[in-house]
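Comments concern the structure below.
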Amino acid sequence: MKEGCLERNLINLPKIGKVKVVLHRTIPSGFNIKTASITKKCDGYYLVLSLEDKTIPEIKPNINPDSIVGIDVGLKDFFTTSEGEVVEIPQYYRKAQKRLRVIQKRVSRRKKGGNNRLKAIKQLGKQHKKGSDKRKDFHFKTANHLLSKYDVIAHEKLNVKGLAKSRLAKSVLDAGWSSFLTILASKAVRVAWPTALNAGLLTVPVSPKNTSQNCSNCGNKVPKKLHVRWHDCPHCGCSLDRDHNAAINIRNRAAGFEVTVR
């Protein structure tokens, strides 16, 4: 058994040897194992395999440039598309806050160095991981949903690190925009396991400047504060949801036919 080879429930790792593993999915035929990473989490050790298949195209040969959608991520809804579709934000962390608060108090009341404190810390870690796993699952399913409908997906190039330092930090981190956009870009150019239906698609980041302020119909700037959730253009009469208007502007910028006003 060579290093890096996987046979049934055993993998041969360099400097470690044969290790028993529990696979949650089978390795597709034709894929080669390139790297193996072992991570320790609160509920055990995890093995992440990086696979290679040279037959995957860089860009889908029959990609349809007209099959494009813009998405505007937000805190009211997870995102709104340029087609008017709205995906609700799940808020896994906020929903788990009450339970987390109880376990955190349990940790603080236990004697430092005691077994009961270690058990409470492990329980707290599992609760955090549960929310993280739910969020990751939501991100993957939502990315698959978009990639099954469109060939090109445009989104804002966000400074998530900067937003995470603002007063909206808890909501921004709970939404996990950065993680979602990374997953979306990764799944677009790679194989959507176990089929290759979503391979070779495109994600296009665009400038977020004035996407909410500019009118998506005539291009005029219509200033509005954050609490104003509806776009009413006094110049052309365009009236629609603020996020829907922003999503259309994002799609137009990626498609290269943004309306300009002279």
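The values are calculated or read from the model by the stated rules, or taken from the named source; none is laboratory data. Predicted, not measured: the structure shown is a model, and the values here were computed from it. For neighbour counting, all protein chains shown are included, and Cβ atoms are generated from backbone atoms with ideal geometry for every residue, glycine included. These area figures cover heavy atoms from the full protein model, side chains too; ligands, DNA and RNA do not enter into them. Shrake-Rupley method; radii C 1.70, N 1.55, O 1.52, S 1.80 Å.
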Inspect the stretch 250-257 for any residue being over 21 Å from PHE78 (Cα atoms), at pLDDT 90 or above, among the hydrophobic types (A, V, I, L, M, F, W, C) and part of a loop (DSSP other than H, G, I, E, B) and give the result as yes or no.
-> no
Within the set of pairs 6 or more residues apart or between chains, which connect a residue that is closer than 20 Å to ALA247 by Cβ inside the stretch 158-172 to a residue that is at pLDDT below 85 with Cβ atoms less than 6 Å apart?
-> VAL172/LEU163; VAL172/ALA164
Count of residues meeting criterion [modelled with pLDDT of 80 or more and more than 17 Å from ASN12 (Cβ to Cβ)] in the stretch 44-63 = 2
Under 6 Å by Cβ, and 6 or more places apart or on different chains, what pairs join a residue from the stretch 92-109 that is free of Cβ contacts under 8 Å to residues at least 40 places away in the same chain with one that is assigned to a helix (DSSP H, G or I) and open to solvent by 70 Å² or more (accessible area, probe 1.4 Å)?
-> VAL107/ILE121
Taking the stretch 207-244, which residues are of a type in the set (S, T, N, Q) and under 25 Å from the mean Cα position of the chain (by Cα)?
-> SER207, ASN210, THR211, SER212
Members of the stretch 10-43 found to be surrounded by fewer than 10 Cβ atoms within 10 Å (Cβ to Cβ) and at pLDDT 85 or above, listed by number | LYS20, VAL22, SER37, THR39, LYS40
Residues satisfying the stated conditions in the stretch 68-104, i.e. part of a strand (DSSP E or B) and either open to solvent by 60 Å² or more (accessible area, probe 1.4 Å) or out of contact with any Phe, Trp or Tyr (no Cβ under 8 Å at 6 or more places or on another chain) (or both) = GLY70, PHE79, THR80, THR81, VAL86
Could you pull out every one of the strands (runs of 3 or more DSSP E) wholly within the stretch 1-50 that has 2 or more residues that are under 31 Å from the mean Cα position of the chain (by Cα)?
-> 10-13, 32-41
Quick one: which residue in SER132, SER82 is hydroxyl-bearing (Ser, Thr, Tyr), within 14 Å of the chain's Cα centre (by Cα) and modelled with pLDDT under 95?
-> SER132
For LEU100, the lone unmet condition from (1) within 18 Å of SER171 (Cα to Cα); (2) at pLDDT below 90 is (2)
